[in-house]
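Below is one structure; the comments refer to it alone.
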Ligand SMILES: [Zn+2]
């Protein structure tokens, strides 16, 4: 792995990919540009969680994987999805 990684980035990337497959967003654009924008907007509204070891990465994953944390991360991703849908850059 890279010397340092932002675990929040990995979490948001996979959540955005997963959420865009939901029927709720079937009419939303899922092109690479919109997806990248959604991830960037979400990450601007979420705290970074940098780690330097695989163990640290696992710990952060576990910490983020509680109902409460998943809920506020999801909320920010959902607003990013709507923002990009309302103001697409293409
Ligand atoms: Zn698009």
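The values are calculated or read from the model by the stated rules, or taken from the named source; none is laboratory data. In this text, all values refer to a predicted model and were calculated from it rather than measured experimentally. As a convention, Cβ positions derive from the backbone with ideal geometry for all residues, glycine included, and neighbour counts pool all protein chains shown.
None of 83, 15 is on the phi < 0 side of the Ramachandran plot, touching a helix residue (DSSP H, G or I) at 6+ places or on another chain (Cβ under 7 Å) and within 16 Å of the ligand (Cβ to nearest atom) except 83.
Name the residue, out of 65, 44, 69, that is more than 9 Å from the chain's Cα centre (by Cα) and loosely packed, with under 11 Cβ neighbours inside 10 Å. Answer to the check: 44.
The numbered conditions (1) assigned to a helix (DSSP H, G or I); (2) in contact with a helix residue (DSSP H, G or I) (Cβ under 7 Å, 6 or more places away or on another chain); (3) more than 16 Å from the ligand (Cβ to nearest atom) are all true for residue 78 except (2).
Can you tell me which residue is surrounded by the most Cβ atoms within 10 Å (Cβ to Cβ) among those in the range 21-39 that are under 19 Å from residue 72 (Cβ atoms) and touching a residue at least 24 places away in the same chain (Cβ under 8 Å)?
Taking the candidates together, the pick is 38.
Tell me yes or no: at least one residue of the range 55-65 is closer than 14 Å to residue 82 by Cβ, away from the ligand (no atom under 16 Å from the Cβ) and either in contact with a helix residue (DSSP H, G or I) (Cβ under 7 Å, 6 or more places away or on another chain) or modelled with pLDDT of 95 or more (or both). For the range 55-65, residues closer than 14 Å to residue 82 by Cβ, away from the ligand (no atom under 16 Å from the Cβ) and either in contact with a helix residue (DSSP H, G or I) (Cβ under 7 Å, 6 or more places away or on another chain) or modelled with pLDDT of 95 or more (or both): absent.
The set of residues in the range 7-29 that are closer than 14 Å to residue 82 by Cα and under 14 Å from the mean Cα position of the chain (by Cα) comprises 16, 19, 20. Looking only at residues in the range 20-43 that are in a loop (DSSP other than H, G, I, E, B) and more than 10 Å from the ligand (Cβ to nearest atom), which one is nearest to residue 88 (Cα to Cα)? Top of the filtered list is 27.
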